[in-house]
Structures are given as structure tokens and as C-alpha cells.
1. Could you sort Y322, Y47 by accessible area so the largest value comes first, with the probe set to 1.4 Å?
2. For H334, H461, give the ranking by accessible area with the largest first, probe 1.4 Å.
3. Just grab the label-to-label distance for D299 and D383, each label 7 Å out from Cα along the Cβ direction, in nm (one decimal).
4. How many nm separate the modelled label positions at K177 and L364, each set 7 Å beyond the Cα in the direction of the Cβ?
5. Given H placed 1.01 Å from N in the peptide plane, which residues other than close sequence neighbours of Q510 have an amide H under 5 Å from its amide H?
6. Quick check on the chain: helices-only [θ] at 222 nm, where DSSP H runs of length 4 and up contribute -39,500 (n - 2.57) each and the sum goes over total residues. Nearest 500, please.
7. Would you give the gap between the C-alpha center of the stretch 180-235 and the C-alpha center of the stretch 381-412, rounded to a whole Å?
8. Per 0.36 nm of contour for each residue apart, how much would the distance between S185 and D38 grow if the chain were fully extended, relative to their Cα-Cα spacing?
Amino acid sequence: MMRSSALLLAPFLVLSAPLNAEPLVPLFTDETATSGIDTVFAGEWEYMVGGGVASFDCSGDGFPELFLSGGAGPSALYLNQSTQGGPLAFAKTDAITLDAVLGAYPLDIDSDGVMDLVVLRQGENQLLRGLGDCRFEAANAAWGFDGGDAWSTAFAAIWEQGQSWPTLAIGNYIDRKEEAFPWGSCTDNWLHRPDGERFAPPLPLKPSFCALSMIFTDWNRSGRPSLRVSNDREYYKGGQEQLWHLEPGEAPRLYTDKEGWKRLRIWGMGIASADVNLDGYPDYYLTSMADNKLQVLKDPASGLPDYADIAFKSGITAHRPYTGGDLNPSTAWHPQFADLNNDGRLDLFVAKGNVAKMPDFAALDPNNLLLGQEDGTFVEAGDKAGVASMGIARGAQVVDLNLDGQLDIVVVNRWTTAEIWRQSGASAGNWVQVRLAQDGPNRDAIGAVVEIKRGDATLRHEIVSGGGHVSGSVGWLHFGLGEAETAELRVIWPDGSQGEWMTLPSKTYQILRPGALAETWQPER
């Protein structure tokens, strides 16, 4: 039986929040000029999409570094020199000197405990093997990885059952070799499955429709993640959003309308996944030009991937600029759910920016900061928070850069310097940050689920590598707690084993391992 609209928009349950209370607006300080960040995502047509940022710790001190793509200009790895709670400070290195970079995702491919980096490019994609101390070496040949020669614009990774190496999905855009470039046809996406401890030749995912975001997700809690792909309708004929079966040892195949998958055509640019309505299943925010979608399963018990769009009733379409005076439709890129004010409810950040100078879309298109409310709807606060930039944004990360328990924001802009904001105002509540670690393959537990109690409900958070817009992150997982002094949570590990429920003190950093007590960690600077 289909659920009612009231159930589709179930409220967040946070006992400490007064009924109908306005969410506290988190305040940010623009520290771009003093942070040491100066990368510009440059280039013309071949860089109209892309522009990502990756956050991960390669120095071993727990503070996340940043790798920013430069497009036709130089990309850069920045070492995090911030102190806990202090101003954001980064030092540019020459550890990665690749050109033509569109985006990147951190991933410990060989599970040696040192972070590697997947770099998407115009031309050959590169796997960079981490050597420690933020040093890297090219690993395509050693790992049997075919980097191709395409315009790669999306990525996702998962460890399939029984495999010691990950499966990588690469999304490719229009064919830059066609005479009609940049108005050519879409090229094939690739699935790189492992062959022992290296990669087999890639499998084409046909048909492909100019992917700009993809994510492996266990949408039906079957224990077998599927590949969800969001596509840019500007360049394909007869295409749609896609969901692929991924069964061990079998060729990938598309979900069909007979299996409940409904045809949806958008200018798909980014995917963010979260259990927004607390029904225990992942929901998906899909960015586009004009209105954006928030999809929730209509009836999880049916086993069908049949989704309802609740973006409008949730106040989260974000289809026009909310400040600046431009009334044309917006262009949305990187979306990310996170609890930015620590009140125990999910919020949503969306990076916005015109493709170039498209006259039918807003030129003044500020980033969104949509705060979750008690009734399950969202309210815009980007201008009040201080992050309503008019830069032509692309990729982004919402991440605690100075490890003070409050989330910061970094955004890559087209043609102008990337921007970085430190959260500097008072928080609405407590928090806890956890990091998953396991021995053997898949050290960072990609595909695990963290369950955390929210009053009478339970929030499920999938650990993914992918989504967003060419921007990935591995590191501390941040959960706001409101007024609660402890967090009640457990981990369902990638092999399906369920950890015990544990009580963790607020305002702490905890490392969680299978079958072990939580290990408290503390920044040293």
C-alpha cells in the first residue's frame, strides 16, 4: 500500500528542539583571502562542467587536506595547517601536478591504510597511489587501470561481495572528438571491476547519457548496492535518469519500468543521499537547472524503485535565487546534506552557478543553505549565514576543517578563486564525530551504514564514495546532537554484520572498529 503524503514528509524527531522553533542560523566568516587557497577552475567549453574538491587526511594528523581541481589551469593539493578551532590555514604543495583536472575522490584502493586519489580529467584519468606524508605516485600501469581519453565527469566506488579491490564506476560526458564538439553525443560510462589486486578492462555501461553524478547505494536495504546515475539531458536523445543492477559475477543491467523505475529527465548535475524523512531508506536530492528533486520511496515494502518527489512540499526546490535580484531560474551543482547548526536535524548546502553566461538562467545565483525544521521542511538561510556567494560555483565540500565540531564550507568557482568559509558563530547544540576503520580490504568501510537515534526514530547514514558533483570526501563523519549529551549509534558493516549499540559522549572524536570498543581520539594542535 502506498504511504500517505504525511508519512512521506515525516518530521525529524529531536526531543531537545521546541515545537515550531526557528532553526539557529550558523554564521560563517569568509577566510578565502587569508586561508592560502587560491586555485581557480579555469577553461572554456571543455570545462563548463566539473570543478571539484576532495577532502581527506594524507598527513596523518586527523585534519583534512584539500585537493582542488583547476581545469585548464593548475590544480593543487593543500596541506591543512589549521589549529583546532582556529582560523583556516593551508599550504599549497607540488605533490600533485596533473593538468586538465575536473574533479577527484579519495579512496584507499589497495587497502594499505594510506589514502589514494582518483583524479577525473579531460583525457586520461589517473589513479594516484598514496605513499604517506601526502606523497603520491601514478598507479595506472601497476594497477591495470585503463584511464581512457574521455571527458570524465562522475565517479562512484564500492567493494563488491568477496572482492579485495573496489569496483569503480566512471561517468563520461560528451564526445570531445566529434566534429560537433561541444555539442556532440554522449560517450560510454565505464565500470572497472577488479581482477585480483588490479583492474580488469572496463565494461561499457550502455546506454550512457552524459553522466554528471553517480552513486552506489543500497536503495532497498537488500545488502546489494545498485548504481544510480544522474544525467545531463542537454546532450542526449531519448535518455533518462538510470539505476543499474550490480550482481556479483553478472553483467550490470538497467532497472526497467516493469521493475518500477519511472522515466525521469532532468539536467542532472549532482546527487546527495540521506535518510531525510527518517523512514530507514536513503532519499536522493538531485540537482538540475531550475527546480531540483527530493525523491523518497513511495512504498518500501513493495520492493520497487518507485519514487515520489517531495521537494516542493519540503521547501527545497531551490529553483530561483533568493537574494541578489535575479529572477531567472537557478543552476544547481554540488548538493550535500549535513547538520550545519548541530541541532540534530539535517540541513542541505547547494553550490550554484550559471553554466557560463546562459541568458535564460540566473547570472547572480547564490549558494543555498537550507536548514531543516521541526516539521520536516527546510528554510533558506544562505544570506543570513554569510555563504550567499555570487561566484559561478561547481563542486564543494561541507567538512570540519579545523576540528572544532562545527562544519565549514569550501566551494570551487569557475573563472574565479575558490572560496572557503569557517563557521564562526555559536552552535545550536552538541555533536559527535566518528571515523570507521576495519582491517583487510575496504579499510574505510565504504558501503557501511551508521545508525543514530533521533528521539523515537533512527537516522541511517550510508557511507559512500561518489555523488555530489566531482567532489569526494573520506574522513570524520559529523553528527549534530542538539542538547543531547550523548549519541546512541551503531554501525552495520559492509559485510552485513551489525555492531552493538553504543553510547558515545558528545563533543568527542571516536574511531569505530568491528567488534571493538570505541577509541577516543583528540587533535594534537
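The values are calculated or read from the model by the stated rules, or taken from the named source; none is laboratory data. The model shown is predicted, which means the values in this text are computed figures rather than measured ones. Neighbour counts run over all protein chains shown; Cβ positions are idealised from the backbone, glycine included. These accessible areas exclude ligands, DNA and RNA; they are computed on the full protein's heavy atoms, side chains included. Shrake-Rupley method; radii C 1.70, N 1.55, O 1.52, S 1.80 Å.
1. Values: Y322 65, Y47 15 Å².
So the residues, ranked largest to smallest area, are Y322, Y47.
2. Working: H334 5, H461 60 Å².
From most accessible down to least: H461, H334.
3. Result for the modelled spin labels: 4.4 nm.
4. According to this spin-label approximation, the distance is 4.5 nm.
5. Under 5 Å from the amide H of Q510 lie the amide H atoms of Q433, V434, R435, W521, each far enough along the sequence or on another chain.
6. On the way: 4 runs with 16 residues, N = 525.
Dividing the helical sum by the residues of the chain leaves -500 deg cm²/dmol.
7. The stretch 180-235 and the stretch 381-412 have Cα centres spaced 28 Å from each other.
8. Working: separation 147, 0.36 × 147 = 52.92 nm, distance 3.43 nm.
Length difference between fully extended and current span is 49.5 nm.
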